[in-house]
Structures are given as structure tokens and as C-alpha cells.
1. For the range 53-101, which positions are loosely packed, with under 13 Cβ neighbours inside 10 Å and in a loop (DSSP other than H, G, I, E, B)?
2. I want to confirm something. Restricting to the range 7-27 and keeping residues that are in contact with a strand residue (DSSP E or B) (Cβ under 8 Å, 6 or more places away or on another chain) and touching a residue at least 40 places away in the same chain (Cβ under 8 Å), which single residue is surrounded by the fewest Cβ atoms within 10 Å (Cβ to Cβ)?
3. Going by what's in this entry, would ALA76 be described as hydrophobic (A, V, I, L, M, F, W, C) and under 13 Å from the mean Cα position of the chain (by Cα)?
4. With respect to THR86, determine if the residue is β-branched (Val, Ile, Thr) and modelled with pLDDT under 95.
5. Could you run through the range 10-49 and say how many residues are small (Gly, Ala, Ser) and over 13 Å from the mean Cα position of the chain (by Cα)?
6. Which one is farthest from VAL108 (Cα to Cα), of the residues in the range 1-52 that are among the hydroxyl-bearing types (Ser, Thr, Tyr) and assigned to a helix (DSSP H, G or I)?
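The values are calculated or read from the model by the stated rules, or taken from the named source; none is laboratory data. Quick caveat, the model's predicted, so the values are computed rather than measured. Cβ atoms come from the backbone with ideal geometry, glycine included; neighbour counts cover every protein chain shown.
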Amino acid sequence: MQIVERHHNAVLVIRPTGRLDSSNAPLLDQHLSATIDRGDTIFVIDLSTLDYISSIGLSVLLSAAKKVKRAEGRVALAALNERVRTVMEISGFIRIFDIYPSVEAATVSP
């Protein structure tokens, strides 16, 4: 898994690429934790290049959301493909996260 950070409209955007499963979920977990620990508590996770997400991957996202909430920040998900969106819907995560059709939409929302 490759993880890229960039800024869009002054908002941090984190984009994991590939599969998010048991083999690489700890990498994203460490990255998100480090992001929050350094004080970046408002960010968007761009899932446009994520091919697959497992239950462990969902757990990583949930953990990050809890940490951000404690820090009074905001995390949003953007650009979910159909496969990832289906997993989010089945698992109920669609109700937990603010989800946007694109990074652009997520970074202009209040």
C-alpha cells in the first residue's frame, strides 16, 4: 500500500492506494495516528484509488475517527468506488462518516 498526502483547498488529503486488509492495515493505522498526533485533526481520506477494504481496514478508519473526535477535529471520506461504498453500506459505516463524491466536495464543506 502506498499512502500519499497533499493539501487541497488548505485541507490535508490522505490517499491510500491498493488494498486495505490485514497485511497493510497497520501501516495506514500508524500513518493516521501520526497525522493526528502531530495536530492535523481535520482531513479527508481520499479512497479513489482503494481497490479493496476488509473488516480490519474498516477498523482502522473507525479508530482514526474516534481519535479525531476526541481531538475535536473532523475526518471525511471521499471518492469511494462502488465496491468500497458497498462494504461501507453493509457495515453501517455510511452513517458514521461524512462521505463525499469527490475530494473537491469534501474540502469545500464547512
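1. GLU72, GLY92, PRO101
2. Out of the qualifying residues, it is HIS8.
3. Yes; evaluated as a whole, the condition is true for this residue.
4. no
5. 6
6. Looking at residues that are among the hydroxyl-bearing types (Ser, Thr, Tyr) and assigned to a helix (DSSP H, G or I), I get SER33.
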